Structures are given as C-alpha cells and as structure tokens.
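In what follows, a single structure is set out as structure tokens and then discussed.
The values are calculated or read from the model by the stated rules, or taken from the named source; none is laboratory data. All values reported here derive from a predicted model rather than from experimental measurement. Note: ideal-geometry Cβ built from the backbone for every residue, glycine included; neighbour counts use all protein chains shown. Surface accessibility is based on the protein's heavy atoms, side chains included, excluding ligands, DNA and RNA. Shrake-Rupley method; radii C 1.70, N 1.55, O 1.52, S 1.80 Å.
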Amino acid sequence: MTTSAPPASVATAPAQPPARRPRRTGRSPWFHVVMVPFTVLWLLPLAFIVVLAFRSFDDVASRGIGALPASFTLDAFTEAVTRGDLGRALLNSGIVTVITVVLSLVLASWAAFALARFRIPFRRTVLLVMLAGNLLPPQILLVPVSRITQSLGLYDSLAALVVVQVGFGLGFYTFVLHGFVRNLPQEVFEAALIDGAGTLRTYRSIVLPLTRPALAALAALATTWVFNDLIWAMTVLRTETRFPITAALLNLQGGYSTSWNVLAAGCLLAALPTALVFFAFQKHFVSGLLVGSDK
Amino acid sequence: MTVLERTPGRSGPRSGSGAGSDPAAARRPGPRLRAARRVPPLVWAFLLVPLAVEMFWVFWPALNSFSLSFTRWRGVGPAEPVGWANYQRMLDDPVFATALVNNVVWVVGFGGLSVAGGLALAVALNRPGRGVGVYRSAIYLPMVISLAVTGLFWRVLYQPDGLVDRVLTPVGLGGTAWLANPDTALYAVLVAAVWRQVGYIMVLYLAGLKGVDASLEEAAAVDGANAWQRFWRIVVPQLRGVSTVVFAVTVIDSLRTFDIVWAMTRGGPYNQTQLLSTYMFQQSFSLVDLGYGSALAVVIFLLAIGFIITYLVRQARAED
Amino acid sequence: MSPIRTAHARTSRGPAALAAPSRRSFLVAVAAGLGSSAVLSGCVGSGGTESAPAGGGGASGGGGLVLQNSIQDEGPKAALTTLVEEYTAEPVTMNSVATEQFRAQLSTYLTSPNPPDVISWYAGSVANTYADQGLLLDVSDLWTGDGACASFPPALKALSTSGDDAQIFVPTNYYWWSIFYKKSAFEKWGVTPPETWDEFIALCEDLQGQGVIPLTNGIGTTPWMASGWFDYLDLRVNGAQYHRELLAGEHAFTDPEVVAVMDRYAEILPFFHPDQASWDNQQAAVPFVQDEAAMYLIGAFLTNYVPEDQLDDLDFFSVPVIDPSIPSAEEAPTDGFFASAGTADPEGTKAFLSYLASAESQAQWIAESGSANLPTNPDVDTSGFSPLVQKGIALLAGTEEITQFFNRDSSDALQTTADTALTQFIANPGDVQQILEQWQQAAEAVWSS
C-alpha cells in the first residue's frame, strides 16, 4: 500500500518527480567510511574476472587462475569472439530478448488491465493461478516443452524460444502489473468512461501511458532474465548458429579443459548488453517508479 | 497502520481484497459500476489470450510432467505406470532428506539475507547524495552476469589460496577449503548467490521507497519516534506492496536455484549441498530417471505454492 | 563464417515463423497450437512410435547431414570442424553443444521426428539403452567386407555391438589412463618411475620427504576422478574379470575383495594433495605443472591442461603391479559416433561415418587436434606421432585386458553412487565399512531399477 501521490502526479504532470521530501542535513561522515570499502569488496569478484580476461592461457595454466597476473593481452577477447562466434550469438540473444520482452509486457498488461479493472469472475484466483505458473521449476517442463515444439514444427527455431519464454514469464509480469494498474486513480477511468472511451482507447490512452514506469522496470528485469536464460535455449534449440550468448559461452568452457581467460572475456562481453540496458532504465527505476506499489 | 488508512491525500479508500468485492466501486455507485458489471468482449480477449498462452506453454507441459511422476520413464520408449512408488522412494532416500533440509536452509538464508541486505542498502542509498549513484550501480552490477557464470567464477574465488582465502586470512578465517568442507560448502554457495541477488532486491525496494510518504515520517519524528521506530512503524508498512513482489520473487528464486549450485559444487561434496532442484536435475537428466525427477519437481512446486499462498492469505487477512 | 555453418538445409524451417514477428502471426501460431491439441495428446512418455522415421525435412540423399556433437575442447573441435568442412559428398552442419546439456538433450535428439543424423558419444551403457529402443541406426555393413570398420580390432567391435548382435557404434579414437609425471621434475628430485607397488610407495615417501606432494587429483566438481584410482586398484588387486562383474552387480561392494581395494586406496591417501577436494581435474594440473605435486593418474587429455612448452616433458608409467598373478589391464575409454535410426538419409549417413572412421581422417584429426588420442583404425600410420602417443599405443597393445572407465563399464547412475562413496571415503577413510555398506545399498537400487 502506498500514497496515491506518484500515479496521480504522473497523471497530471508526468515529468514531475514524486512528493519531494524535505531537505535534511547531510549524511553522517561514517556513511562513506562504511560504503567505500564495502563497495570495493563487492566489486572484487568482478575485478577478478576483468583481470583474468586480460591474462594469457599459458600464464593461467602455469601459475593458476587465482594468481596475480603476469601477462597482459587482448587475445582472450579476440579468441572469444572468433572461437565462440559471440557476434552471432549476441545477435540471436538480442532478437529473442527484444521480441520476448515486448510480447510479454503487451500480453501481461492486457491481462493486468482486464483483471484489475473489470469484474471478471474469480479474478483473484485467475491471478494466483497465473502466478503459480511461475513457481514451477523450469527443469520439469523441459521434456514436454521440447516435444510440444517438435509437434508444432517450431523446434530448433528462435520463435520457439520466444513463445516459451513469453509463456513462462507472463504470470509474474501480470502479477506485478496488476498491482500497479489497480492502484491507478479511479477518477481517470471514470473520466475516460464519461468521454465515451471504449476499452481499447482506455487501454491505449490511460493504462499504457500511466503504467509506463512499471513497464520500464519490468522491461529491465525481464531483459536480464531472458538474456541470461540458458535452460530454455538448450531445450528448444539444437543448431549452433541459432544459439544465444549463454549457450555459446558454455561452449567456450571445454569438456576436459577450460581456457579461463577466454571464458572471462566472453562473459564480460555477454554482460555488456544487460549492463547497458540497466543503466539506460535506471532513471525509471529510481525516479518515482512503484513496482507493484500495492498488491 | 490504521492511522495510515485515513491519511488525507489518498485517492479514496484502498481497493479491497475480498473476492468479487470492490469497495471503491461499491461506495461510489456511478457509471463505472454499471460498466464493470458488464465485461466487454474485448476485455475477455485481453484476459484469455495471455491466459491461453500460459496454459499452453506452462500448465499443459506441467500436467504432462506431473503425470510422469507416477511412472518410470527413461526418456525413450513407453512410460511404465508405477503408482506412488516414486513418492514412496523419497521417504527412504537419504539424499532427498538432505536436499529438503538444505532447501529450508536455502530459502531462509538466501531469502532472509538478500531481503535484509537489499532493504538495508535501499534505505541507506535512498537519499541522493555524493557517490550514491556509484554505490547503487556497483551493488546492482553482479546481476548482469548469469547465474551459471557467477558460479563458475566464485568456485575459483573459493579455491584454496584464492581471493576469498586471501581476503579472509587477515581476519583469521584463512585456510578453509570452503567448498570441499561439507560443513561450509552450502553457506559458501549461499554467499555467492546472495551477492548476486542483493542488488536486485535493493532496486525493488528503492523503487518502493520512492512512494513512501515522507510527511508521515516527519510527523512521527515530531512526535518523538526514533529512527528505528519510524522505520518499522511507518516506512515498512508502506512498503507492503513492494514486499509482496519481493517475497514472491525470493521464494521463486530460492526454490529454483540451480545453476549456481550446479556450477560450484554439483551438489557435492557427497551430496551435502544438494538442493531439491539440483537433485531433480541430476535424477532427470544425468541419470535420465524422469519419473523420479518429476516427482521431485512436484514437491518443489508444492513447497513454492505453500509459501506463496500462506503469505498472500495472511496479507489478505491483514487488509480486511 | 564457414561453409558448414551456413549449410543447414534440413533444419531451417523454424525461423520462418520468426520472420514476421507481428502480434498477429503470433496469435495465429498460438491459436494453431491450441487447435491442434490432437497433436499433443500424450506428448510425453507415450512410446517410441513418434520417433519413427518421418522423412525429416523432405531431404533425401544429398540434402545435407547434421552432426550433433559434444566435443568442446578447442583443439579437437577445430580438427573435427576441418574434417567436416573437407567432406565433399554433401554439406554437413556441425553443432557443438556443451557436454552436460548434450547429455540432457540426447533422448530428445534421438526421438525427434527429424533427428540429427550423426551424434557423437561413447561406447557403453548409454548407447546400448538407446539401441534397445531401436533408436540407433544399424551400421553393421561398415563392420563387414570392405567396410570402414572391418579391420578394427575385435575388442572394439564387441564394444560397438548392441544386445541383438548389430553394430550401432563407430569408434574413432580412444585414449589411455596412466600415472603422468614430468621427466625434468623426476630428474630434479633424483627419482625414477617405479615398477612395483612397494617401489611406488617408497617413491611417494621419498618425494614427501623432499617436501614434494606425491599425487594430485581434482575431485571437487569432477568427483568421478576419484574412480580412476578405484578402477585401477581393483584391476590390480582383483583383475579385470572381477571388476566387470562387480560393476554388473554380480559381487557386492562390501565383499572382502573390495575392502582389500579400499585398503590400498587408504594406503596412498596421505600422499594426495590436501586441496584435491577443492579442485576440478583441470585445477589439479596446476600444482603438477608447477612441480609442487609429482604425479597425476589421469587420462591422456591431461595434455590439454599443460602449457605448450611443457608437453615434451610429459611422460607416464602404468599403475604398478600389486599382485603379479593378476593379468595386466588398462583403462582406455573409447569415443566415436552413432547415427539416428530416424535419419532421412541412411546411406549418406553411413558414407559420412565411413569417412570419419577412415585411416586418413583419423590420422588428420589426431594430428590437428594436438590431443594424445589414439586411432581406432589399425591402418593409421602412427610413425609420425609424438613419442608420448607412441608409448600410449604400446601400452595398450601390450596389455592383456582393456576396460573403459567406471561409468562407461557400468552406468551413469552407478557412477553417482561411486562418486558419493569415494569422495566420502577420501574425506573420512576411517568410516570405510559404513561407506561400503551405503554404497552397496545405493548400488542395489541402481541395479534393480
């Protein structure tokens, strides 16, 4: 539960940030004393991966992965790109992620609108059932899902990967958006009704614009999930040229031996797009967004 | 809590939660009430299309799998019905017992630590200030690396004389083979998983905190409430919506945790870090015993449902 | 990038659905899916009928083949890629999938209505399971007359034969397990390879006295490495015949024979690197490379872990004899390919398998992969191979019995029981009796299922 301030302010003046809190005196100086070492410690594992990515194979093989670097080379990055064919894998991941995220959010916002704003019988149960779908351990769906894609002739196509992931994410997105849509101010909908707006127009001119912050936040979260998915990709794809980045990374890991420096380089390249998406959407996260502000 | 319900400035009473009732509409009979009673066909389409997609791609395969839990099936050939045998087998399976206990530890530890850590960091980093953006980004950054890869690299960090060892030796905790020691292995994996999850929870709470009405806190401060009281009595209740989402995400993620454990320990040493999900994967795919694997999946599903329903029902009661 | 990657004629009907990813076409797809529920009735576990050859993507002969493989290591994969590119009869699409995922998808591949034609795998239990279900192509003609495998040793033929006496497997290479060491290091420490078990123990004590860790191993995420020593000790104490019978369930892990094996294992436990439980088998090679640990019982794939300038320094000796009355035996896991019974083009598939099995292909693959694998084809001219590989060939030629490895000689399920028992034993050797009892219990469950 929350105040109505953010949605209301969005409705009247979308650019306005939410209720401003009164200015207070600055933080205690201890804040940075604690946060700086904490952040450094937090980033150490990532720093380790970065350092590893610039080492040579012989350096890693003879001195160990954990050793301090004795070499500096970009070879690992070149090798990751050529051997792992990361370029195409990134493209595959990009296509799948964009389409999946857009489709998921469109469908989820439909369902959320319907469930939150109309007296659909058993709407609460329907919502819970949809959420329950997300509680299934995905591993158990693997075998049936691959059989289904085969019988539909979708097996081994990016389209299969998209529909499977759309289906699997819908419950959670609908659940979050439902909370958001339900909390939109009643007046706006009444006004629309008086204007004679139909369902479609209400959806387009009220629901979509007003839920934009929530959609942005979900888009960023969904992107990290879909982009980092491995298990569905392995289930419905078998042709290497269609593999997404996660599967390509896995192939960089040897069966018997691993070139750790190449794996590290590949993993950094693979992380870039999600990092960029996050930083692009960060504003939406932090300025006045209320993910599922009320249930 | 009750004070908040009557706070001026809210857009009327909160929407109710009882099935079929909608206090907002009930109290304000008007055009909407009439409209709401008659659900337009397009709205049905809005609901049924997504629902059908989920039914088809999630529930239908799930039913298939659940029916497999009553069979013995090797992935090829016909499945042989065996009744409840797979479930009976769990009762005398020591690895299942270990995995179940580990899963409870995992849900509590992983869920508790990432929610507590994420909330604490969100509160600490909520107010803008110098360096706050950097801290936020730094804490979120691990999230961009996939779980499997996180596990791979953390395994290296934990190796003897690895980075973890070097950081901990000055404080007297060096020399432990974190992942090889059955007493520490599960917790070592847990730390890595929490490391990746905290930033995510923090982001959710940061978003939630933006909606917290600051004037209430001010008023409480004037009334002499200390920071701790203000946080628990005023901020936390207002975060309830976002907490529901966090709770759902946490339960889902902790029961589904798989990649990171698999990459770090494969459930070892000698099954001591086995979770239900890793054990299920091992049974279903390494050993291709899909009947038993499916039965384990049913258990995971029931646990998840149990947690979430309990939480939602309690919440619904608190609201009524 | 390479011609083989772009030639996926047979499997490319999928993306069409993605070409127009509009909402409408998506809805159509969903509607079609919902409408065709008949397709789905009993979509899993309903028997092998769906796997009947369905004509694939309409291609028959010359339309291209699909080679699904789990070869991930850089050198071997590159060498196979070259081989496939040079195959001229028809285009072949090669898909490499990470081993674990490959294992998980194997039954999906084989039961698919349009299965990959050729699949990489190893000889042994798993292949036989699929053969029993009629999912593997009968390649017996390759093993007779002037077939590509006709001249292969009888032991390999036996390995490639399924329950109903048909050959379903084409072995293309194998490798040996032994105790590897570095010549320069042994020289530095003034020691020589042992001949007998007592000499081996004396060597370990000597090294330990010099501050060198005698043995390394990595049983962390690769717990199966612990079975290497178990297999060899069983082969040396009880012999290959007993070992096979034990794995087949004809003896118990609580037998005095197995207790004797565990006694030997306990004898060498103090010589292992204390960090072995934290490492995988590749990490365990680092102390070996750095002369911190002296010896490593491992397959010849060790060459993949060692920096290039140390490859010539590698040497090995067979696990020393414990009981001279027991026939000699070595472990030599065999890798190769099988084909799907559902292939649309059995003749083309067999032609391609023959190509992979031919002496020229094998020689080229071994030369280019830089691995220490051995050819299965006796016609391969081995004179150009490295001294290490030559010695490996001689080792296997001179031994009386050949086994593969614990999991290949039994099953992956039994391997899991061994992993649990042996890693537990290594951590707590005092509990051996209880551990063996639990092992036997777990193994009985596997044998009876």
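Where only protein heavy atoms count, and the probe is 1.4 Å, what is the accessible area per residue for chain B in Å²? If you can, show how the numbers build up before the last one.
On the way: 12550 Å² over 320 residues.
Using a 1.4 Å probe on heavy atoms only, each residue of chain B averages 39 Å².
Using a 1.4 Å probe on the protein heavy atoms, what percent of the accessible area of segment B:219-309 belongs to carbon and sulfur?
Details: 1700 of 2630 Å².
Here it works out to 65 percent.
When ranked by the protection proxy of mean other Cβ atoms within 10 Å per residue, highest first, what sequence do the peptides B:241-249, B:71-79 form? Before the final figure, lay out each step's value.
Numbers: B:241-249: 22.4, B:71-79: 20.3.
Result, highest mean first: B:241-249, B:71-79.
Excluding residues fewer than 8 places away in the same chain, name every one of the aspartates and glutamates whose C-alpha is closer than 20 Å to that of C:K188.
Reachable aspartates and glutamates: C:E199, C:E205, C:D206, C:D291, C:E292, C:D309, C:D312, C:D313, C:D315.
At a probe radius of 1.4 Å, what is the per-residue accessible area of A:H178, in Å² to the nearest 10?
So the heavy atoms of A:H178 present about 20 Å² to solvent.
Taking a probe of 1.4 Å and counting only protein heavy atoms, give the total accessible area buried between chains A and B in Å², rounded to the nearest 100.
Details: alone 17590 and 19210 Å², together 26260 Å².
Counting protein atoms only, the buried area is about 10500 Å².
Report ³J(HN,Hα) in whole Hz for each residue of segment C:307-323, in order, from the Karplus equation J = 6.51 cos²θ - 1.76 cosθ + 1.60 where θ = phi - 60°; Gly and Pro get x.
So the J values, rounded to whole Hz, are x, 4, 6, 9, 4, 6, 7, 6, 8, 8, 9, 6, 3, x, 5, 9, 10.
How many square angstrom of accessible surface are buried between B and C, both sides summed, with a 1.4 Å probe and rounding to 100?
On the way: alone 19210 and 19810 Å², together 36130 Å².
Protein heavy atoms only, the B-C interface buries about 2900 Å².
Restricting attention to segment B:84-192, which trypsin sites (Lys or Arg not before Pro) occupy a DSSP loop and are surrounded by at most 14 other Cβ atoms within 10 Å?
Working: sites: B:R89, B:R130, B:R136, B:R155, B:R166; in loops: B:R130.
Counting only loop positions with at most 14 other Cβ atoms within 10 Å, the trypsin sites (Lys or Arg not before Pro) in segment B:84-192 are B:R130.
Roughly what % antiparallel, to the nearest 5, for the DSSP beta bridges in chain C? Spell out each step's value before the answer.
Numbers: 21 of 36 bridges.
Here the share of antiparallel DSSP bridges comes out near 60 percent.
Which whole-number value in Å² is the accessible area per residue of segment A:74-286, probe 1.4 Å? Provide the component values of the computation, followed by the final result.
Working: 5890 Å² over 213 residues.
Accessible area per residue: 28 Å².
Please list the non-local residues whose amide H lies under 5 Å from the amide H of C:M94, H modeled 1.01 Å from N, same-chain partners needing a gap of 5 or more.
C:L67
At a cut-off of 40 Å², which residues of segment C:208-229 become less accessible once all protein chains are present than in their chain alone, using a 1.4 Å probe?
For segment C:208-229, once contacts with the other chains are taken into account, C:T221 lose 40 Å² or more.
May I ask you to derive the FRET efficiency for A:D75 and B:D92 from their Cβ-Cβ distance with R0 = 56 Å, giving the value to the nearest 0.05?
On the way: r = 53 Å, r/R0 = 0.95.
That pair, A:D75 with B:D92, gives E of 0.55.
Quick check: with the 1.4 Å probe, what order do B:W60, C:W176 take by accessible area, largest first?
Details: B:W60 80, C:W176 0 Å².
The residues order as B:W60, C:W176, largest area first.
Quick check: at a probe of 1.4 Å, how many percent of the accessible area of segment B:48-170 sits on carbon and sulfur atoms? Don't skip to the answer; put the middle values down first.
Values: 3540 of 4870 Å².
Roughly 73 percent of what the probe reaches on segment B:48-170 is carbon or sulfur.
How much mean residue ellipticity at 222 nm does the protein assembly as shown get from its helices, if each DSSP H run of length 4 or more adds -39500 (n - 2.57) and you divide by all residues, to the nearest 500 deg cm²/dmol? Don't skip to the answer; put the middle values down first.
Details: 52 runs with 589 residues, N = 1064.
Only helices count here, giving -17000 deg cm²/dmol.
Using a/c under 1.5 as the rounded threshold, could you call chain B rounded, prolate or oblate? The axes a ≥ b ≥ c are square roots of the C-alpha gyration tensor eigenvalues, and prolate needs a/b larger than b/c, oblate otherwise.
Values: a/c = 2.44, a/b = 1.21, b/c = 2.02.
Cα axes put chain B in the oblate bin.
Please report the antiparallel percentage of the DSSP beta bridges confined to the protein assembly as shown, to the nearest 5.
Working: 24 of 39 bridges.
Roughly 60 percent of the beta bridges in the protein assembly as shown run antiparallel, per DSSP.
For Cα pairs less than 8 Å apart in space and 6+ apart in sequence, what is the mean separation divided by the residue count of chain B, i.e. the relative contact order in percent? Show your work: numbers first, answer last.
Working: 325 pairs, mean separation 82.3, N = 320.
Dividing the mean separation by the residue count of chain B yields 26 percent.
Given a 1.4 Å probe and every protein chain left where it sits, what share in percent of the accessible area of chain C is carbon and sulfur?
On the way: 8490 of 16220 Å².
Reported share for carbon and sulfur atoms: 52 percent.
Buried accessible area between A and C (1.4 Å probe, both chains summed, ligands and nucleic acids excluded), in Å² to the nearest 100?
Numbers: alone 17590 and 19810 Å², together 32850 Å².
Summing both chains' loss of accessible area gives about 4600 Å².
If each of C:E308 and B:F231 carries a label point 7 Å out from its Cα toward its Cβ, how far apart are those two points in nm?
5.7 nm
Per residue, how much accessible area does chain C show when a 1.4 Å probe rolls over the protein heavy atoms, in square angstrom? Each step should come with its number before you reach the end.
On the way: 16220 Å² over 449 residues.
Per-residue accessible area for chain C comes out at 36 Å².
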